[in-house]
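In what follows, a single structure is set out as structure tokens and then discussed.
What follows draws every value from the coordinates through simple rules; no lab data is involved. Note that the structure is a prediction, hence the values are computed from the model and not measured. Note that we place each Cβ from the backbone using ideal geometry, even for glycine, and neighbour counts take in every protein chain shown.
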Amino acid sequence: MNASTPTLALLGAAGAATASPVASAPTGVGVGGTAAAAEPLLSLRGAQVRLGSTLALTGVDLTVCRGQRLVLIGSNGSGKTTLLRLLHGLLTPDAGARTLHPLGAGSRVPRMAMLFQRPFLLQLSVRRNLHLALWLARVPAAERATRADEALERVGLQAQAGQLATALSGGQQQRLALARALALRPDILFLDEPTASLDPGASREVEAVVERLGEAGITVVMSTHNLGQARRLATHVAYLEAGRVPVHASAERFFNAAPPPAVHAFLRGENPWL
Ligand SMILES: Nc1ncnc2c1ncn2[C@@H]1O[C@H](COP(=O)(O)OP(=O)(O)OP(=O)(O)O)[C@@H](O)[C@H]1O
Ligand SMILES: [Mg+2]
């Protein structure tokens, strides 16, 4: 696949589908998993990001719709982390545009939170780690306990609230980091390889939490190198290659339709450039 390969399929209200053999059916997956008209939350048009001398992203058109779990896949260095940072607003595009759409008919812009590849936890109790994050986010003191409890319940760590965060298992630490992001009550949650260093059991615990986020109305954009995880979690998949997003499709189409040769090779672990 070369740089001029068109995006395979842009699905979603704001994404006019490019002509493609597999482009069609458009819907987002509604909050709670029901089909719904796709409501765009965040979009990129012709976005480019240069990091030092590297063109980390170029010509990226992508729309994230409410209720989706969009999974970013692609080889090392293809631009997944950069795309997450751009979508979150931690980076601004050198060219092109990033648009955050108001929620529903109201004027509130979506709240966002991000879980980094290697989250940093303080040598404090689980509860104190959450309270501190909420304090930093300027959440009023009266709300912090409720929010912390709610987040701990969501990730199944209520029983560990008083334990030292750094003494938790790897999977529990990652769930605490997830709770810290969830306590901010985001509308969109970005996760960068959230299970990269976890064993299969701990990974599945994190996956179970991510899978249920739709019930709370949380849209997810995450990167992973675990294709099984992408199949289990994704409602939509974006495939990155050398800073471009040549394929963006519903998970069903991505995994079941005949993919272009480069994606096929990637899915089989035979990338010629690795
Ligand atoms: N701070 C930086 N300065 C210069 N170049 C960078 C910087 N961060 C990333 N890059 C380059 O930008 C490109 C995209 O990197 P990015 O980290 O987004 O890829 P990735 O798909 O997340 O990779 P991985 O799967 O290894 O996490 C790579 O070529 C990388 O070397
Ligand atoms: Mg990365």
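Looking at the stretch 155-274 alone, DSSP beta bridges between its own residues are antiparallel in about 50 percent of cases. Which stretch or stretches of the stretch 99-130 have amide N atoms under 19 Å from the point lying 7 Å from Ala167's Cα along the Cα→Cβ direction? Only 121-130 fall inside the zone, counting backbone N under 19 Å.
Counting other Cβ atoms within 10 Å as a rough exposure proxy, the listed residues Leu164, Leu70 run Leu164, Leu70 from fewest neighbours to most. The chymotrypsin sites (Phe, Trp or Tyr not before Pro) of the stretch 87-169 meeting both criteria, a DSSP state outside H, G, I, E and B (loop) and at most 12 other C-beta atoms within 10 angstrom of the site's C-beta, are Phe120. Note the full-extension length gain between Leu122 and Glu252 as 0.36 nm times their separation in residues minus their Cα-Cα distance, in nm to one decimal. So the chain would gain 42.8 nm between Leu122 and Glu252. The trypsin sites (Lys or Arg not before Pro) found in the stretch 79-109 that occupy coil by DSSP, while having at most 14 further C-beta atoms within 10 Å, are Arg108.
Ordering Phe266, Phe190 from the fewest to the most neighbouring beta carbons within 10 Å gives Phe266, Phe190. Counting other Cβ atoms within 10 Å as a rough exposure proxy, the listed residues Asp192, Asp149 run Asp149, Asp192 from fewest neighbours to most.
Once the C-beta distance of Asp149 and Ser197 is scaled by a Förster radius of 25 Å, the resulting FRET efficiency is 0.35 to the nearest 0.05.
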